[in-house]
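*Asks:* Submitted below is the structure of interest, expressed as structure tokens.
Readers should treat all values here as calculations from the given coordinates under stated rules, not as data from a laboratory. All values reported here derive from a predicted model rather than from experimental measurement. Counting neighbours? That spans all protein chains shown, and the Cβs are built from the backbone with ideal geometry, glycine included.
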Amino acid sequence: MKCDQKSCAACPSAAQKKTREELIQCRLSRIKHKVLVMSGKGGVGKSSIASYLALGLAHRKGSRVGLLDIDLHGPSIPKMFGLRGRLDTTEHEIMPHEYRPNLKIVSVESMMEEADSAIIWRGPLKHGVIQQLLADCRWDDLDFLVIDSPPGTGDEALSIAKLIPDAKALIVTTPQEVALADVRKSINFCRKVGLEILGLVENMSGLLCPHCSKFVPIFRTGGGRRTSDAMEVKFLGELPFDPKVVEGADRGDPVLNGGADTPFVRAVEGFVSAVIESLGEIQQE
């Protein structure tokens, strides 16, 4: 049942809720779609995909989007968006960064006293932190919550599968076989824990030479599509490598903000449309 209060913390029974799980369900009832972005291994651009998915969804007219970074040991979302300073908190709530009026962002890094602090936590503590983020973050009503998880199939992904049973997994890969082998493990993980798979996206699928416009297959080609076919998972698209994406992330200014018409931007738009279609949404132009 959806909480009909303006804020879960304002709900008369909020202070008396017996369990954190009840408060989590109250929060989640106000979020229509939850997308867990995961990868079999690091270095495939998972956080970049999560960032551009959230931005692309926020570009859709009327969409309200949240981006939650639960990559506890290697959070990179604040850097990519140029976010500085700690999140505001009240006695009962964590207030997300309002990157745009319809895009809110929360990262564990934004709750640390020092951004470069090493997080040395075991599994139960990680689960508790994710519980707290889901219970206390004031998202209000959202159409989409994009969750950036760490690579692999460890504690964080297990926590999301347990705490958000209606989440959909979006798996990121690159074309080379070493990445695809780990992707197959991620797909099998999702099936074993009952996490519905939204689809597979191939990142860094190739480079368009800025001088001659010739396509350069950096990590081979077609591996993501072949894997999706073999594993019977929907293929959501290919995103080319673009040095400007790296430059934008380093300076905290994603390239999607500039309104440029490039192969990468067009690929992101197609990818976002495929995600919306998979979620059963009617596109709003």
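*Asks:* So for the range 207-277, considering every pair of alpha-carbon atoms, how many percent are separated by more than 20 Å?
*Replies:* Result: 41 percent of Cα pairs exceed 20 Å.
*Asks:* Only helical DSSP H runs with n ≥ 4 go in: add -39500 (n - 2.57) per run for the chain, normalise by residue count and round the 222 nm mean residue ellipticity to 500 deg cm²/dmol.
*Replies:* -11000 deg cm²/dmol
*Asks:* For the pair Asp166/Arg220, report the inter-label distance in nm, with labels modelled 7 Å from Cα in the Cβ direction.
*Replies:* 3.9 nm
*Asks:* Compute the length gained on full extension between Glu269 and Ala230: take 0.36 nm times their separation in residues and subtract their Cα-Cα distance, giving the result in nm to one decimal.
*Replies:* So the chain would gain 11.5 nm between Glu269 and Ala230.
*Asks:* Arrange Thr153, Thr173, Thr89, Thr221 by Cβ neighbour counts within 10 Å, fewest through most, would you?
*Replies:* Ascending Cβ contact count within 10 Å gives the list Thr89, Thr221, Thr153, Thr173.
*Asks:* Provide Ser39, Ser76 in ascending order of the number of other Cβ atoms located within 10 Å of each residue's Cβ, fewest first.
*Replies:* Ser76, Ser39
*Asks:* Going by Cα centres, the range 54-91 and the range 184-199 are how many Å apart?
*Replies:* With the range 54-91 and the range 184-199 each reduced to a Cα centre, they are spaced 25 Å.
*Asks:* At 7 Å along the Cα-to-beta-carbon direction for both Arg84 and Ala260, put a label point, then send me their distance in nm to one decimal.
*Replies:* Distance between the two pseudo-spin positions: 2.4 nm.
*Asks:* Hey, another quick one. Past the 30 angstrom mark, what percentage of all C-alpha to C-alpha distances in the chain do you count?
*Replies:* In whole percent, the share of Cα-Cα pairs in the chain beyond 30 Å is 28.
*Asks:* Could you tell me the center-to-center distance, by alpha carbons, between the range 219-253 and the range 147-179 in angstrom?
*Replies:* The distance from the Cα centre of the range 219-253 to that of the range 147-179 comes to 16 Å.
*Asks:* If you wrap the range 67-200's Cα atoms in a convex hull and average its projection over all directions, what's the area in nm²? Walk me through the intermediate numbers first.
*Replies:* Values: hull surface 36.1 nm².
For the range 67-200, averaging the hull's shadow over all directions gives 9.0 nm².
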